[in-house]
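K.L.:
Okay, handing you the structure first.
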Amino acid sequence: TQRDGAFVLYNVLPGVHLLDVQSHTHLFSQVKIQLLEATETDDEMGLKCIEYAYPGASKQAIPHPLILTAHAQYQYFEPRQGFSIGTIFKNPMLIMMLFSVGLMFFMPKMMENLDDEQKEQMQKQMELQSDPTKMLSSLWGDMTNDPEAEAKKSIKGGSKARRSKRE
C-alpha cells in the first residue's frame, strides 16, 4: 500500500473476485472484478468491474483503475443528550407531586364556598370516620330503620315460624 492508499495486485488468476474494503471508521462499497483470460490475438487480460453500493443495490459499472471513496462514516456512539427542563416535567412522580400540592392549596378555597348545611354534613362525616365504631353503628342503624328491610324480615320470620310448626 502506498502513502495515498493506492495498491497494485500482481499475478491474479482469471475469474470473478470480490474486492471488499474493511475499515473501522468508513463504509465502502463492494466491487466485483471479472478477469478474463488473455487470448492469442490480445496480450492484455479483459477486465470488468461492477460496484455494489450496499447489498441489494443496483449494479454500476466503474472504470479501471478503481478509485473507491467512502459512502459514510460509522457512528458507534450516540451523542449524549443535553439537559432539558422538559424531561423533568415528564417524570410521573413529579406530576403526581405537583397535582397533590395543587389540591392542598385549592381544597381550602373550595371548602369556603360551601353552604353552612354542607359544612355541617362534612363535619359529621369526618367525626364518624375518626371513630370506626360510630361509623359502623350509624351504617347498621340506617339499615335497620329502612321500612322495606323490616317488611322483608317480618316475611322471612313468618315463613320460618310456619316451617317450624309443620315439622
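The values are calculated or read from the model by the stated rules, or taken from the named source; none is laboratory data. None of the values given here were measured: they were computed from a predicted structure. In this analysis, Cβ positions are derived from the backbone assuming ideal geometry, glycine residues included, and neighbour counts consider all displayed protein chains.
K.L.:
Just to be sure I understand, how many residues within region 85-114 are surrounded by 10 or more Cβ atoms within 10 Å (Cβ to Cβ), outside any helix (DSSP H, G or I) and at pLDDT below 85?
P.N.:
Going through region 85-114 one residue at a time, the tally reaches 1.
K.L.:
Among all residue pairs at least 6 apart or on different chains, which show Cβ distances below 7 Å where the first residue, located in region 71-93, is within 30 Å of V31 (Cα to Cα) and the second is among the aromatic types (F, W, Y)?
P.N.:
As it stands, the answer is H71/F28, since those pairs meet every condition given.
K.L.:
From the list E117, E127, which residue is in a helix (DSSP H, G or I) and surrounded by fewer than 10 Cβ atoms within 10 Å (Cβ to Cβ)?
P.N.:
Checking each option against the conditions leaves just E117.
K.L.:
How many residues does region 60-84 contain that are small (G, A, S) and assigned to a loop (DSSP other than H, G, I, E, B)?
P.N.:
Summing the residues that are small (G, A, S) and assigned to a loop (DSSP other than H, G, I, E, B) in region 60-84 gives 3.
K.L.:
Give G82, G5, G15 a once-over and let me know the one that is at positive phi, surrounded by fewer than 10 Cβ atoms within 10 Å (Cβ to Cβ) and not aromatic (F, W, Y).
P.N.:
Answer to the check: G5.
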